[in-house]
Amino acid sequence: MMGNACKSRWVPVLLAIALLAAACGSSDNQTAPSPDQSTEPPEATAPAPALEDDHTEVVIGLEQEITNFNNLTAADQLLAGRQIMRAVWPTCVRVRPDFSFEPYFCESLPTVITEDPLVVEYRLREDATWSDGTPVSSDDLVFFFENCNEAGDDCGSTAGFDSAELEVLDDKAVRLSWPEGQPYVEYIQLFSGPFPPAHLGRDWSDGFRADPGVGAGPYVVDDYNPGSDLTLVANPTWFGGEPAIDEVTFRFISDVGNLPLALENGEVDVIYPQPQVDLVEQVNRIGGVESSVTFGPTWEHITFNTAAVPLEARRAVALALDRELIVAALMRPFSESAQTLGNRIFVNGQSQYEDHTPAEFQQRDPAAARAVLEEAGWELDGDVYAKDGRRLSLRIRTTGGNNRREQFQELVQNQLAEAGIAITIDNLPGGEIFGPVFGSTNDPPGPPGDFDLVIFAWVGGPLPAAAALQVFGTGSDSNPGAYVDDRVNDLLTEATFTLDLDRQAELLNQADALMWETLPNMPVYQLPFFLAWNDKIQNIQDNPTAESFTWNLEDWALAN
């Protein structure tokens, strides 16, 4: 054992995920330390691994507990579920840390048979079996499809399946087909669960709450103590060979403040908490521990209500905003590698990422902001510009109680004041803000939302075309600022029907470049992920996509 027990796209459900990301951020309530704060030396070193008769174990501390081993249901899409089950149940394709795809339980990436109408074949590996000896088969794919292809299904996302027809080719392969002229460009990610076994005859929604039945991945569930821990052991029937770690235990520690101490004492060997500055510094003082900060696909921005904030005012905000200072204040305490974000569709770390920030917005220029307003007929009324009897006084909103976002607001407020733009902070607690922002509590409901400026997070991914159209497309309910640009809408629409991913990326980048002219929002920074582990564990690597840090659990090993 190690120590006392050596013992996570913009996706079709982008809005739900984005709101979850934004709401969950309310626990991020730490501030950067002042320069004169002292740093204490390490008080202890994490215990080294103890190998007993060559039996190796690792313990992982998780903030969340799994609620259903089938985490594909609508109410059970917790990150913890995927972190555990991706090593137990099959997934056709997985996403690597660089956002590229690789086949996992499928023989190859899905094969396009015809492009229009789009027909795609998914073929499982011949040697993929469940731990009871039953082959992983097309029956399992049908089970997945039939529970996720209609709007009323108990499934986190029906996108792609809901417009497709399924044909079973043989015991290991199925084909999906879409109507002519309506290809589903994100087909590569379908059947990438992890998905449950069909042959046990259990109910999709509730049949796997107590136990998963069988496994097919490198591990199977050996023991589960609700409220305490869950243990995986190596699966001898897995096609990939024997994993180097014999036993992996997930210990549920809901109080994130207890995770560093548990790591220091050797009660756990790996933690993946929501990053907070003091927590990161505390972990970095523990000897025998390594850590990494990764900036992933979740990105924060200032979205404009385009119906309330005219283009010249949006341009003035962009000119007066010091995004570099905001990143330095809020993100650099985590890592010096933090950068401003210059794209609304792709993020740093993706090969398609291009920074389209115009030169005029790269350096803060309050004087230029004032000039833009004055050219559009705004005149100073005291310290604030006014036009046609309206003062340029804007409300900025976010998730109240999230100290990082509240600091963000204060920085914006101070910076824009120098450009003659008054900012009033108007928050609601936590996720309550999203009703008025996205229109569900507005009268009439729908965009534009009840705000002038709003700060929250969107979640990116490897195939962002459909989600980008949701967020920036004309008339979309997921477009809270009621942004309209026909050129952008046309490019995004074309991208959602373009199967060539290189061409699709070109279209999406063209759309982003145009959005810097009409400014639906200002992207500012990507949020960090923090992973810390006993330095005796080898081959551990964070994956900032939905695969999370356990994406290659079967490759982890212990140093001798």
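The figures follow:
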read-out	value
Test: residue in the range 462-484 that is assigned to a loop (DSSP other than H, G, I, E, B), of a type in the set (Asp, Glu) and more than 21 Å from the chain's Cα centre (by Cα)	no
Within the range 87-175, strands (runs of 3 or more DSSP E) holding 1 or more residues that are open to solvent by 40 Å² or more (accessible area, probe 1.4 Å), under 30 Å from PRO544 (Cα atoms) and polar (S, T, N, Q)	111-115
Output for the range 336-376, where each listed residue is closer than 14 Å to LEU321 by Cβ and assigned to a loop (DSSP other than H, G, I, E, B)	THR340, LEU341, GLY342, THR357, PRO358, GLN362, GLN363, ARG364, ASP365
Hey, GLY266 open to solvent by less than 50 Å² (accessible area, probe 1.4 Å), touching a Gly at 6+ places or on another chain (Cβ under 6 Å) and at positive phi or not	yes
Count - residues of the range 386-409 that are open to solvent by 10 Å² or more (accessible area, probe 1.4 Å) and either among the hydrophobic types (A, V, I, L, M, F, W, C) or under 26 Å from the mean Cα position of the chain (by Cα) (or both)	8
All positions within the range 377-422 that are assigned to a strand (DSSP E or B), closer than 17 Å to LEU330 by Cβ and aliphatic (A, V, I, L, M)	ILE396
Residue among ASP355, ASP443, ASP383 that alone is surrounded by fewer than 21 Cβ atoms within 10 Å (Cβ to Cβ), within 20 Å of PRO310 (Cα to Cα) and not basic (Lys, Arg)	ASP383
When residues of the range 531-552 are limited to those that are over 16 Å from GLU57 (Cα atoms) and touching a helix residue (DSSP H, G or I) at 6+ places or on another chain (Cβ under 6 Å), the one modelled with the highest pLDDT	ALA532
Residue within the range 358-368 that is buried (at least 17 other Cβ atoms within 10 Å of the Cβ) and of a type in the set (S, T, N, Q) present	no
Condition broken by ILE455, with the remaining ones in (1) open to solvent by 30 Å² or more (accessible area, probe 1.4 Å); (2) out of contact with any Pro (no Cβ under 7 Å at 6 or more places or on another chain) satisfied	(1)
Test: residue in the range 311-329 that is over 20 Å from the mean Cα position of the chain (by Cα), among the small types (Gly, Ala, Ser), modelled with pLDDT of 95 or more and open to solvent by 50 Å² or more (accessible area, probe 1.4 Å)	no
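The values are calculated or read from the model by the stated rules, or taken from the named source; none is laboratory data. Computed from a predicted structure; not experimentally measured. Here Cβ is always computed from backbone atoms with ideal geometry, including for glycine, and neighbour counts include all displayed protein chains. In case anyone asks, the SASA skips ligands and DNA or RNA and just uses the protein heavy atoms, side chains included. Shrake-Rupley method; radii C 1.70, N 1.55, O 1.52, S 1.80 Å.
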